[in-house]
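Shown next, in structure tokens, is the structure this report addresses.
The values are calculated or read from the model by the stated rules, or taken from the named source; none is laboratory data. Note that this is a predicted model, so its numbers are computed, not measured. Neighbour counts are summed over all protein chains in view; Cβ atoms, including those assigned to glycine, are modelled from backbone coordinates with ideal geometry.
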Amino acid sequence: MPTTLLLGTRKGTVIIERKNGRWQPRSILHAGIPVCYAARDPRDGTLWSSLDHGHWGPKLSRSRDNGASWEEVLSLKYPKGARHIVQYMPTPDFDPMAPAGQPEYKDAAVYKIWNIAFGAESQPGRLYAGTIPGGLFISDDGGDTWELNRPLWNHESRGGDLFNGDATSENHWSGTPASVDYGVFEPGIHSIVVDPRDPNHLYVAVSSAGVLESCDGGHTWAVRNKGMRNDYMPDPEAEWGHDPHFVTACPGQPDHLWQQNHCGVFYSENGAKTWKKVSQTDAGVHFGFPIAVDANDGRCAWVVPARADSERMSIDGGLFVARTGDGGQTWQTLRKGLPQQHAYDIVYRHALDAAGDCVCFGSTTGNVYLSEDRGDSWQSLGNHFPPVYSVRFG
Amino acid sequence: MTSHLYRFFPQLEHLSIRVPAGSVAEVLRAVDAMAPGFTDYILDEHGGLRRHVRLSINNTLVFDRKTLSDHVPEDGTLFIFQALSGG
């Protein structure tokens, strides 16, 4: 059973530890600073928090002594010459079928370090970070220095190599509303999956573009959106333009991947070669942000459904988790111990996690709930946390 | 400077920082030499002022936010402010 939980919250990093059968939070760390993601490197125990300073720019913070002391890592920056095509928030009269105008270019700056992922056991010191505006950064020295993955940054789906000139292909990456707080509308990488069988096998998920796969350690990338649906676009089955909210894979069966977006829950059992929609709208399983998969059984996943993308709250005032054990053919709603009246929680994309029989989630209402029996029953770990952005066992 | 920066650079607290006259960029680089990483808080990776930061030389707001070429005279004082918001 895991014994530690890490929360990234609007007011700092919260560590909750299980001692003598009880989960107890420590005093908040990075007090007052928004933390959009916090996780522990399972290889060496280092804690990582992504600080989302409103004023001083995004920073990574790490602790090698289990949170007693922290040091900031300042080296995650775009290299000189890194540019991207400027995106603009669609207006109500936006016509997605209208011919694109001339692209405008902008020097890249990091707005948000949205996700941190860890390399395989065979790659000590290998770390990944995904940013707004759509950069994948890689470190091979434990986070001391970072390098932009240029094949993904220069991908033909983004206009090609803008270091060396103007776009040579059409840009298919659009913005995420998660970037609007920074005064921009740019894409973001929020999910990074490393295949435990082969550390050169990677997936990233981009809002808004979709899923890309690399089988050669990030030297080349290919789109993996076949079977996805984007019901609000003129062509719902278009190759690009998808908005995965979070993508995760089963560590024990890495060809089993899951995601949820505006248009449903999607499952792949063939390494993202194809996706199939496995929503069950009559059980409320349709819209939501986070998704977690069992460590060993790729058919078993959890979601925290919400009402709709236009109404981001619990369904009918009752908070519940839905679980499938058969690859999404059927879903079971799990409500025991969760509030069933006047609950309006929404759970963000990184704020649900599973480890062994434990499942935990936190909401922007500041509630954190834990199950130690795979979701059958829930206990509250606190109802007055700051808005929760991420929950990770570690 | 805004006292909030002392949280990250405690070595600067209670100091009256004196550096040679020069451009705003040169002054900030001199402070960065005393407190490594300081400019990462004030400037983005292109060397421009971050969106929520304002600088003034005495009572005059710094005009060139992009390359920080405004001149800080020998007897001038560079002030660093931040916007605070949210809850």
Open item on the list: It is to be established whether one or more residues within the range B:32-47 are away from chain A (no Cβ under 14 Å) and without any contact (Cβ under 8 Å) to a residue 12 or more places away in the chain.
Closed with: yes
Task: Of the criteria (1) outside any loop (DSSP other than H, G, I, E, B); (2) touching a residue at least 60 places away in the same chain (Cβ under 8 Å), which one A:Ala205 fails - done: (2)
Task: Residue check for B:Leu28: part of a strand (DSSP E or B) and surrounded by 14 or more Cβ atoms within 10 Å (Cβ to Cβ) - done: no
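Does A:Pro124 satisfy being exposed (fewer than 13 other Cβ atoms within 10 Å of the Cβ) and at pLDDT below 95? Walk me through it before giving the result.
On the way: exposed (fewer than 13 other Cβ atoms within 10 Å of the Cβ): no; at pLDDT below 95: yes.
In short, no.
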TODO: Say whether the condition of being within 14 Å of chain B (Cβ to nearest Cβ) and in contact (Cβ under 8 Å) with a residue 24 or more places away in the chain is met by at least one residue in the range A:87-95.
DONE: no
- [ ] Check whether at least one residue in the range B:50-62 is over 13 Å from the mean Cα position of the chain (by Cα) and part of a strand (DSSP E or B), and report yes or no.
- [x] yes
Open item on the list: Residues to consider are A:Gln280, A:Gln332; find the one that is surrounded by fewer than 23 Cβ atoms within 10 Å (Cβ to Cβ) and touching a helix residue (DSSP H, G or I) at 6+ places or on another chain (Cβ under 9 Å).
Closed with: A:Gln332
Open item on the list: Checking B:Met1 against (1) loosely packed, with under 13 Cβ neighbours inside 10 Å; (2) assigned to a loop (DSSP other than H, G, I, E, B), only one condition comes out false. Which one?
Closed with: (1)
Task: Conditions (1) in a strand (DSSP E or B); (2) closer than 17 Å to A:Ala178 by Cα: number failed by A:Gly57 - done: (1)
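How many residues are surrounded by fewer than 19 Cβ atoms within 10 Å (Cβ to Cβ) and either within 14 Å of chain A (Cβ to nearest Cβ) or in a helix (DSSP H, G or I) (or both) when one looks only at the range B:11-25?
3
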Open item on the list: Residue pairs, Cβ under 8 Å, 6 or more apart or interchain, first in the range A:50-65 and away from every other protein chain (no Cβ under 12 Å) and farther than 18 Å from A:Ile132 by Cα, second of a type outside the set (S, T, N, Q) and outside any strand (DSSP E or B). List them.
Closed with: A:Arg62/A:Trp70; A:Arg62/A:Gly143; A:Ser63/A:Trp70; A:Arg64/A:Asp44; A:Arg64/A:Gly45
TODO: Scan the range A:23-48 for residues that are of a type in the set (Lys, Arg) and either buried (at least 18 other Cβ atoms within 10 Å of the Cβ) or modelled with pLDDT under 95 (or both) and jot them down.
DONE: A:Arg40
Open item on the list: Which numbered condition in (1) more than 10 Å from chain A (Cβ to nearest Cβ); (2) modelled with pLDDT under 95; (3) buried (at least 19 other Cβ atoms within 10 Å of the Cβ) is the only one that B:Asn59 fails?
Closed with: (3)
Open item on the list: Residue under question is A:Leu152, and the condition is that it be of a type in the set (A, V, I, L, M), modelled with pLDDT of 95 or more and either over 21 Å from A:Ser207 (Cα atoms) or in contact with a helix residue (DSSP H, G or I) (Cβ under 7 Å, 6 or more places away or on another chain) (or both); does it hold?
Closed with: no
Open item on the list: I'm checking my understanding of the structure. Among residues of the range B:1-32 that are hydrophobic (A, V, I, L, M, F, W, C) and under 22 Å from A:Pro79 (Cα atoms), which one is farthest from the chain's Cα centre (by Cα)?
Closed with: B:Ala25
Open item on the list: Need the failing condition index for A:Lys80 against (1) more than 14 Å from chain B (Cβ to nearest Cβ); (2) part of a loop (DSSP other than H, G, I, E, B); (3) of a type in the set (D, E, K, R), just the number.
Closed with: (1)
